[in-house]
Structure formats: C-alpha cells, structure tokens
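Take a look at the structure set out below.
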Amino acid sequence: MSDNHLALISHLMRRAGFGAGRDELEELSSKSYEDVVEDLLHPERQEDLQEDALKRYNLELSYHDAVQLWAGRWVWRMVNSRRPLEEKMALFWHHVFATAWYKSEHSPTIIRQIEMFREVGMSDLRTILTELARDPAMNYWLDNCENHADQPNENWGRELLELFSMGVGNYTEDDIKNAARAFTGWTFTQPIPLYPFGHYTSEFHYLPEDHDDSEKTFLGHTGNLNGEDIVDIVAHQEASYRFISRHLYNFFVADEPQVPAWNIEPPNDPDAIDALVQAFAENDGQLRPVLRTLFNSDFFRQARYRKVKNPAELVAGTIKLVGTYDWLPAPGQSVGALSGATSIMGQTLMNPPTVEGWHTGHEWIDGGTLNERVNFAVNQFNDLSSPGVRAIVERLARDGALSPDQLVERCLDLVGPLEVGDQTRSALSSYADSVGDVDLSTDQARTDNAGKVARMLQMIVASREYQFA
Amino acid sequence: MARPYALLRSGFPYYLTMGQRRVTSNPVDIGFGEENVYVLTRGGLGSEVRVINWEDENLGLRGSGSFTWPAGLLVDEDENLYVSDEAKNTITVMSKDGDVLDTWGEPGSDHGQLDRPSALDFDAQGNIVVSDTINNRVQRFTRDGKHLQTIGGVQGSGEGEMNMPWGVAVDELGFVYVSDWRNDRVQKFTGEGEFVMSIGSSGSGKGEFNRPSSVDVDAHGDIYVSDWLNDRVQMFNADGRFIEQFIGDANLSKSGREYILANQVTLRLREMTDLEPTRRLSAPCRVRVDSEFRLFICDFGQHRIQVYKKEAYELSESQIAPPMRNPILFTT
C-alpha cells in the first residue's frame, strides 16, 4: 500500500466516520478507496454494536431517561461502531433538523429522534422528511401540536421550508400558510407524566377531525393537500436538493458560511454542489448515491484538513486514538463524561441552542472552547497504560531507537497521518531535540521512555492542525 | 422446613407497589428489617440506600456519597447493611443508621480477591456469597470478609463455566444459583460447588433470557429470574420447568398517589393518555422472595418496587396422582 492511499483512507474515515486507529487503517487500506466507500454506504455489512456491558455498567441506559448519558452513549457509538457513517449521518441530520431537549425536557422522544436518524439517515429525502414530520420531539419543538384546523400554527410549516428542505427564497408566504394548514391534525399521543414512575414515550398521532380538509395551493399544486403531499412535493424540488447538498458539503467536505447567509453568499465550490444536486435528481432524492458521488469526488479527496472538527468529531476521534472507551466500561467510568466533553466545547448533543442548530467551522473555536478542546485531547494521553498509547509505543518500538526527526515524523504519521505547518513542526522538533534519541528496544526502555512518546503525542494533539479534520 | 411433595398453584396475584422517582430512584436491590425496607439505588438520581417503611413513607438515606457502582444489598438480623460496590471492589458494612462498621475486599483474581462484586446473598450459616463478575465465579466469605470458598472461575459457556455472572442466591438446602449473565442462563450448584443443572438459553420466549440480572428461590424450591432486557421476571419450578412470567402489574404506590393528588396538571395529563404502560416492568435488576412468598421486583426503569404474592397449597404424595411419563388428552 502507498502512504498516500493510507492517508486518503484516513481522510475518508475522519469525514465519513470519526477517525480510525492505525490497525483499522491498515486493514481498510488493503481495499481500494472505492470499496471502502461502498462498505461505509452499506452499514448492514458490518455487525452492530453489542451494548449489553455498556448498559450493565451505565444502568440508566437500560431505559430512556437520562439524556446526558444517552448523548454519551451516542459518542460511545461514534467511537466503537463498525458502521461509522450510520452515526455520522445521524449527527448530520441532528445538525440540520436541530431539536433540543430543553423545551420539552422529555428524554424518550429526543432519544428516539436520534435513533430514527440512525435508521433512515441514508434513505431518501421523502422518507426522512416524512419521519421528521411524524416525530413527536420535532412536533412539540415546532408547535405543530398547536396547529389546529380552526387555528393554524405556522411554525413547523415555515421551518420545514426554510431550514429543513428548500431554504429561503424558494417559496412564498402563502406556501408557508398552506403547508401549515396541510399539517393540521398532525400531533402526538400524550405521554404519561414523569411523576411518580418516570418517563414514558409518545408516538405520532393523526386527528382527522382536527385536519383542515379545504383546498390548498402549495408550490403550484392544488387540492385537499395533507402533510404527506407537502413532503412529497418538497422532497422532489431542486431547491431542496441544492439546500441539502450544501449542508452535505459543509458537513463532509469543507466549511461554508453559516446557514443564515446562504441566500446571499454563494457556495465556495458551486461545481461540487451541482454534482451533488445532479446525483439527487438522477436518483429520486436518495441519499446513498449522493454520498457515493461526494466521497468519490476529487473535491472531497482534495479537501484534507480543510474543516474544523466539530466537538463530537474531536472527542470521538481522540478517544479512538487512545482506546479508552471500549465494550466494557472501566470501573466507575460513565459515558456521560463523553457528552460532558462535547458540551463544554460548545456542542451539547440532543440539546442544540436553537432550531438553526450549531454554527460550524471556525465558530466552533473561541478562547474558551479552544482551551477545552486542547486540554481534553492532551489529557487523554496522560495515561501511559491506555491501549492506544501502548499500541503507538509498540509500533514505534519496531524501529528500536528513534532519532529526534524520526520521533516527530512517526508520531505525526500514527496520529493521522497529520500534515503540519512549519511552525508546528519546529515546535515538535524543538521538543524532540531536547530529549534526544528515544530507545524503545527493550521492555525496560519502553517503560522508561514511553512518557517521552506520550509527551510528543500530547504536543501533536495540542497543535493547530489537530483541530482540523 | 421440609419442602412439600407438590403444590396446587392457585395463583400469583399482584400485591403492592412501593416507592417512586426521587425516593426509590433506580432500585437495584432490596432488603428488609423489622419495620424498615431498605432499597439500594444507583444512578444519576442517587447511589445510596433509601429507607422506607411498609406505609411507603420516606425515612431517609444511608451511605450517600459512599458508593460508585453499588450493586448488591444484604440486611442481617441486627439490621446491619452490607453493600457491594463493583467499581471499588469492596463490601461495606453499615449500621441501620448508616454508620460504617467495616469495609472489606481487595481487587484481584486470587482466591478472596474481587473483580466487580455484584449480587450478594446469605447462606444458611449467615455467610455471604458474592457474585465475582469479572472473575467469572462466586465466592463465599464470612461476614467480616474471610474467604471460605470459590465456585467457578473459568470463563466459558460449558457446565460450571461462567460469563460475567450477576445474580446469586442460596436456597434453604444450601444449593447455589447463579444468573450467568452473558450466557443467558441460570446455573445451579451444590453447596460444595458441583454443577447440578442449567436453566435457559438466549431469546425472548418462555424459558429464554436476555441477560438475566438476578435469581432467587422460595421455600418451595421455585426459582425466580429477573430477565433484565426482556423486561420481565420468569418463574420456574425446582426442576427448572417454566411456570409463568411477570411483566408488571403496578398500581400507584401510596406516595405516588399522594404526589399526583397534589398536582392538577399531572391529574389532567393522566386523563389524556393510555395508562396501560404504567403497569409494566422496565429493566428489572433484582428479585427477592421472602418467607411469606412475597415476590419483590426492583423495577429499575420505573423507580419502584412491584410486589406479588404467591397463592399455593402444599400437597402430600397421597393427594396427587403419581408422576406421568407422557401427556394425555383425556383431562377429565
């Protein structure tokens, strides 16, 4: 295998997943790039995760309530799943269809919404938008339970068009009003109250007696339209293909301006967006062919380290490197710590700030969050006994003794391969020169010098370049 | 007390619901004093011992802040409380007022050492049998932590082998029962540690388990297993034959009823919904059966204890037809 092939697979796994350790990268690199893409697009080819031990030692995962723990379980899945694109697409749709726990404080429906994204995230726009329209968490978040035949509420109808499918400028105010009327009667079953015995779930519920059966005109279609008709029309609009394509580009390829600017700021790469739109159009709104086009494109392959990692990517990717959250939780270890880490970096999973979701790219970084990002990554390498650190030391030990230059190059390679600029390289070299040759040839030497390797790894994950995917 | 020759099983009606969220939050085990009921809880709402009484009144907490992963609880004749902590690899002994009297246990895999001690039970002599999960064995200790015996210790799915055992129980004849968690079965051993029989396999049908979390045995020899991820408890006779299952029949506890009566919105919302799910078990962690044949189920996900009571009539050999080799269709 060529180094470039492995580096390209590493890029793919950072973007379509949450990174990969060196053993996994070497295994994947025995296949062609396109075959790895196909495996990612077909998660059913890989076994799903066994969560029994995770639940046994995080007992509250045996039912649906503790939302921070469930968010942590999601990060744990990002770390451990052999179906990483499934988790990545769930995160993608969570970004686009941002629904927060804080309004309802009803954990089961928020948890269920993410499960739904995992299940249908790679299907087609019509299916995804239909499931979204039927989702109790979304319904309550955007007040469609208050959308009655005699008293319409336009919140869901407006956001469906503005933020979830077509984008501003592609429909009229009348389209919004009529979309809202079409979704009258779409509500959810009343969940049993939290007290005295805990949460119970809720399901989609259609009330025909509360539906406005009069004629409506929406985007040129006239009739007694119901919610399914609105979704069907929206899911086949070129504007929807274009809007979701830009989201996909922003999430998987390179940072775009923030969403509210999209109707005035053109895409950074209009040709790339056109290619994705065409894939949508030729495949009736299916996601899988679009993702195939995206991952196999030159614009994707050439976009290495051009995207700021979102906190979930930073946390899950770093944990994958150190290997500390596997199938059996360590004594006292809670996956709630994983969601706590993304929260403090500005991304509280299952609880985005508004319906617009998170601002991405460089807006992930400010003085406070950068500090948290660097500290988190560095702290993970404090424990020399962690499986990932030990594995890196063992790999380096195959070279016996490492010169300062070798220490820098080999560690950069095993963390990514990570490409760094002159300033970072100079700082790494300065540290490597200060410790001199590092002997890892014997058990005793590895014990004595593993700390020097870990320190180098800490400096690498503290670098500017590590903030990028 | 000798076991009866046979039983007329009259029924197993629902008896009582105890506790509520933020009182008996996430119960993992239960024990009984003269007047008090001790409920071991674990999770974000508290990892401690909650004390209630039979009137469902909250009498306070014991051991708050002391435990990381409390797993098993025993209450002795003096109402001292024994709590295992599977993160700290210890057994803590507290008075009924919560004063720590002793802590024993050390991590490791040698005889007498522990790696994630989970369920606890007393044997007839008052010694403590501990499910030593990661070491794939159970061990017997005196109450002050002196090692007496090891059963198992080999990871696997063969007879006598175990895969992360969770529950353990000792019957009045001295047999030891282990819910062999990751093998989806219950194993029965003699007091000396010889394999006797196995019950169950993976699945959700009758007699099948999805990660059984605990086991207990009543004075008739009937065996109860909390079938954790199938959200039920299954009951077997002493030979391991499936008798019936319990999926939950809760009504409102006294404290729950008082809470709801003081909350108008809660009252209204309950009038707007289907209440059938409120009866059901969610991830039951522990079953215990007492000398009055009351079956206590720690209904982990619903923050309460569900209690059933067995109705059965003991039969002598002369009262029942002899065992039959084959089934018959002519049933009179």
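The values are calculated or read from the model by the stated rules, or taken from the named source; none is laboratory data. Being a predicted model, the structure only gives us computed values, none of them experimental. Don't worry about glycine lacking a Cβ; one is built from the backbone with ideal geometry, like all the others, and counts go over all protein chains shown. Calculation scope for accessible area: heavy atoms of the full protein, side chains included, ligands and nucleic acids excluded. Shrake-Rupley method; radii C 1.70, N 1.55, O 1.52, S 1.80 Å.
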Would the stretch A:127-140 turn up any residue that is without any contact (Cβ under 8 Å) to a residue 40 or more places away in the chain and over 28 Å from A:E282 (Cβ atoms)?
yes
Check the stretch B:113-125 and report whether any residue there is acidic (D, E), open to solvent by 30 Å² or more (accessible area, probe 1.4 Å) and at pLDDT 95 or above.
yes
Pairs where the first residue, in the stretch A:304-328, is over 17 Å from A:T348 (Cα atoms) and of a type in the set (D, E, K, R) and the second is assigned to a helix (DSSP H, G or I) and open to solvent by less than 20 Å² (accessible area, probe 1.4 Å), C-beta under 8 Å, 6+ apart:
A:R304/A:A7; A:R304/A:H11; A:K307/A:R15; A:K307/A:G361; A:K320/A:V79; A:K320/A:G388
Step by step: first the residues of the stretch B:1-25, then only those that are of a type in the set (S, T, Y) and open to solvent by 20 Å² or more (accessible area, probe 1.4 Å), then the one that is nearest to the other protein chains (Cβ to nearest Cβ). Which residue is that?
B:Y14
Could you name every one of the strands (runs of 3 or more DSSP E) located completely within the stretch B:265-316 that has at least 3 residues being under 17 Å from B:T24 (Cβ atoms)?
B:286-289, B:294-299, B:304-309
So which pairs qualify, if the first residue must be in the stretch A:264-284 and at positive phi, the second must be open to solvent by less than 50 Å² (accessible area, probe 1.4 Å), the Cβ gap must be under 7 Å, and the two must be at least 6 apart or on different chains?
A:D284/A:D124
Quick check: is even one residue across the stretch B:138-146 polar (S, T, N, Q) and touching a strand residue (DSSP E or B) at 6+ places or on another chain (Cβ under 6 Å)?
yes
Sole miss for A:E256 among (1) of a type in the set (D, E, K, R); (2) under 30 Å from B:S25 (Cβ atoms); (3) crowded, with 20+ Cβ neighbours inside 10 Å is condition (2)
Touching a helix residue (DSSP H, G or I) at 6+ places or on another chain (Cβ under 6 Å) and open to solvent by less than 40 Å² (accessible area, probe 1.4 Å): is that true of B:N163 in this structure?
yes
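Matching residues to (1) more than 12 Å from chain A (Cβ to nearest Cβ); (2) closer than 30 Å to A:T187 by Cβ; (3) touching a residue at least 12 places away in the same chain (Cβ under 8 Å); (4) open to solvent by 40 Å² or more (accessible area, probe 1.4 Å):
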position	(1), (2), (3), (4)
B:Y259	no, yes, yes, yes
B:M272	no, yes, no, yes
B:R286	no, no, yes, no
B:G301	no, yes, yes, no
Regarding the stretch A:305-315, can at least one residue be identified that is open to solvent by 30 Å² or more (accessible area, probe 1.4 Å) and part of a helix (DSSP H, G or I)?
no
All conditions in (1) more than 9 Å from chain A (Cβ to nearest Cβ); (2) of a type outside the set (G, A, S); (3) not in a loop (DSSP other than H, G, I, E, B) are true of B:N251 except (3)
Pick out, from the stretch A:11-72, the helices (runs of 4 or more DSSP H) lying fully within it that include 2 or more residues that are more than 14 Å from chain B (Cβ to nearest Cβ) and open to solvent by 20 Å² or more (accessible area, probe 1.4 Å).
A:22-28, A:33-41
For the condition in contact (Cβ under 8 Å) with a residue 40 or more places away in the chain and open to solvent by 30 Å² or more (accessible area, probe 1.4 Å), what is the one hit in A:A427, A:A397, A:A401?
A:A401
Count, please, the residues in the stretch A:155-197 that happen to be surrounded by fewer than 20 Cβ atoms within 10 Å (Cβ to Cβ) and either in a loop (DSSP other than H, G, I, E, B) or of a type in the set (S, T, N, Q) (or both).
9
Read through the list (1) at the interface with another protein chain (Cβ under 9 Å from one of its Cβ atoms); (2) open to solvent by 60 Å² or more (accessible area, probe 1.4 Å), then give the number of the only condition that B:D239 fails.
(1)
Taking the options B:Q245, B:Q234, name whichever one is part of a strand (DSSP E or B), surrounded by fewer than 17 Cβ atoms within 10 Å (Cβ to Cβ) and on the phi < 0 side of the Ramachandran plot.
B:Q245
Taking the stretch B:44-55 as the search range and keeping residues that are within 14 Å of chain A (Cβ to nearest Cβ) and open to solvent by less than 20 Å² (accessible area, probe 1.4 Å), which one is farthest from B:C285 (Cα to Cα)?
B:I52
Looking at this structure, is B:R211 open to solvent by 20 Å² or more (accessible area, probe 1.4 Å) and in contact with a Leu (Cβ under 7 Å, 6 or more places away or on another chain)?
yes
If you go through B:V39, B:V28, the only one that is under 20 Å from the mean Cα position of the chain (by Cα), closer than 25 Å to B:W166 by Cβ, more than 14 Å from every other protein chain (Cβ to nearest Cβ) and open to solvent by less than 40 Å² (accessible area, probe 1.4 Å) is B:V39
